[in-house]
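Heads up: the structure comes next, in structure tokens.
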Amino acid sequence: RKEVEQDPGPFNVPEGATVAFNCTYSNSASQSFFWYRQDCRKEPKLLMSVYSSGNEDGRFTAQLNRASQYISLLIRDSKLSDSATYLCVVNRDDKIIFGKGTRLHILP
Amino acid sequence: DAGITQSPRHKVTETGTPVTLRCHQTENHRYMYWYRQDPGHGLRLIHYSYGVKDTDKGEVSDGYSVSRSKTEDFLLTLESATSSQTSVYFCATLAGDGQETQYFGPGTRLLVL
């Protein structure tokens, strides 16, 4: 079992819809959590950190459930420009573990 | 943006030749990483460095070596390139001291014929 698992998608979603991604991690000692975004043929870039209390940045909301060991990302009112691959990232001690990513296609 | 550059950005080489990829950062970040990214595998860590001359292996280190003689430069060497090393290689940095965000370079596309 991979330490960080995501649904690979692709998710094909009409513009304006709400889309949710989930990510699970297997090591309860994991300490910090992030969502990265990667556009086609580009490098990954930090989208947002994920806190236990949940956090929001505009149309994006991230949640962490430590008891169930899953992380979520919600995108509201999706835009064409949201089309990308979303990577779940977990830090544990000196290790940074990436999920394989979920591909999102926003359809006009 | 952590001022990370990678060179070359694209390279075509032949099996058996040595190849060196360079990562350069301008932010004085302590940690530097080399990843490869392949379809179906996501990002996989090759080697990382936690300071000058301090390096360690990642999950796919076979066939690769690294060196870090200065804070700003992290070199990845393929001693004898194989076709299985055809990939996109990303360098990343992390400041440390409680800062946990990784910043990535633009990537190097390597094709081994």
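The values are calculated or read from the model by the stated rules, or taken from the named source; none is laboratory data. Just so it is clear, the model here is predicted, and its values are computed rather than measured. All Cβ positions, even for glycine, are placed from backbone atoms using ideal geometry, and neighbour counts span all protein chains on display. To get the accessible areas, we keep the full protein, side chains included, count just its heavy atoms, and leave off ligands, DNA and RNA. Shrake-Rupley method; radii C 1.70, N 1.55, O 1.52, S 1.80 Å.
Could you list, in sequence order, all residues of the range A:79-94 that are surrounded by 15 or more Cβ atoms within 10 Å (Cβ to Cβ), within 11 Å of chain B (Cβ to nearest Cβ) and out of contact with any Ser or Thr (no Cβ under 7 Å at 6 or more places or on another chain)?
Across the range A:79-94, the qualifying residues are A:Leu87, A:Cys88, A:Val89.
Can you tell me which condition A:Arg76 does not meet? The list is (1) within 26 Å of B:Arg44 (Cβ to Cβ); (2) touching a residue at least 24 places away in the same chain (Cβ under 8 Å); (3) open to solvent by 60 Å² or more (accessible area, probe 1.4 Å), and all the others hold.
Failing condition for A:Arg76: (1).
Just the residues that are open to solvent by 10 Å² or more (accessible area, probe 1.4 Å) and hydroxyl-bearing (Ser, Thr, Tyr), please, taken from the range B:34-53.
Residues satisfying the conditions are B:Tyr48, B:Tyr50.
Based on this model, can you work out whether A:Tyr70 counts as touching a Phe, Trp or Tyr at 6+ places or on another chain (Cβ under 8 Å), surrounded by 19 or more Cβ atoms within 10 Å (Cβ to Cβ) and hydroxyl-bearing (Ser, Thr, Tyr)?
Taking the combined requirement at face value, the residue does not satisfy it.
Among the residues of the range A:26-68, which ones are modelled with pLDDT under 95, of a type in the set (Ser, Thr, Tyr) and under 24 Å from B:Tyr35 (Cβ atoms)?
A:Ser26, A:Ser30, A:Ser32, A:Ser49 - these are the residues of the range A:26-68 that are modelled with pLDDT under 95, of a type in the set (Ser, Thr, Tyr) and under 24 Å from B:Tyr35 (Cβ atoms).
Considering each residue of the range A:95-108, count those that are touching a residue at least 60 places away in the same chain (Cβ under 8 Å) and open to solvent by less than 30 Å² (accessible area, probe 1.4 Å), and give that number.
The qualifying residues number 7.
A:Leu64 is checked against (1) in a strand (DSSP E or B); (2) without any contact (Cβ under 8 Å) to a residue 12 or more places away in the chain and fails just one. What number does that condition carry?
(2)
Looking at the range A:47-61 only, could you name the residues that are surrounded by fewer than 12 Cβ atoms within 10 Å (Cβ to Cβ) and part of a strand (DSSP E or B)?
Scanning the range A:47-61 gives a single hit, A:Asp57.
Restricting to the range A:1-58, name every residue that is within 14 Å of chain B (Cβ to nearest Cβ), closer than 20 Å to A:Asp77 by Cβ and not charged (D, E, K, R).
A:Gly9, A:Pro10, A:Trp35, A:Leu47, A:Met48 - these are the residues of the range A:1-58 that are within 14 Å of chain B (Cβ to nearest Cβ), closer than 20 Å to A:Asp77 by Cβ and not charged (D, E, K, R).
Would the range A:81-97 turn up any residue that is over 30 Å from A:Ala29 (Cα atoms), modelled with pLDDT of 95 or more, of a type outside the set (Asp, Glu) and not in a strand (DSSP E or B)?
So far as the range A:81-97 goes, yes, one or more of its residues are over 30 Å from A:Ala29 (Cα atoms), modelled with pLDDT of 95 or more, of a type outside the set (Asp, Glu) and not in a strand (DSSP E or B).
I need the full set of residues from the range A:21-46 which are open to solvent by 10 Å² or more (accessible area, probe 1.4 Å), part of a loop (DSSP other than H, G, I, E, B), more than 19 Å from A:Ser83 (Cβ to Cβ) and not hydrophobic (A, V, I, L, M, F, W, C), in order please.
Passing the criteria: A:Ser26, A:Asn27, A:Ser28, A:Gln31.
Which residue pairs have Cβ atoms under 9 Å apart, sit 6 or more places apart or on different chains, and have a first residue in the range A:33-47 that is on the phi > 0 side of the Ramachandran plot and a second that is open to solvent by 10 Å² or more (accessible area, probe 1.4 Å) and charged (D, E, K, R)?
A:Arg41/B:Arg109
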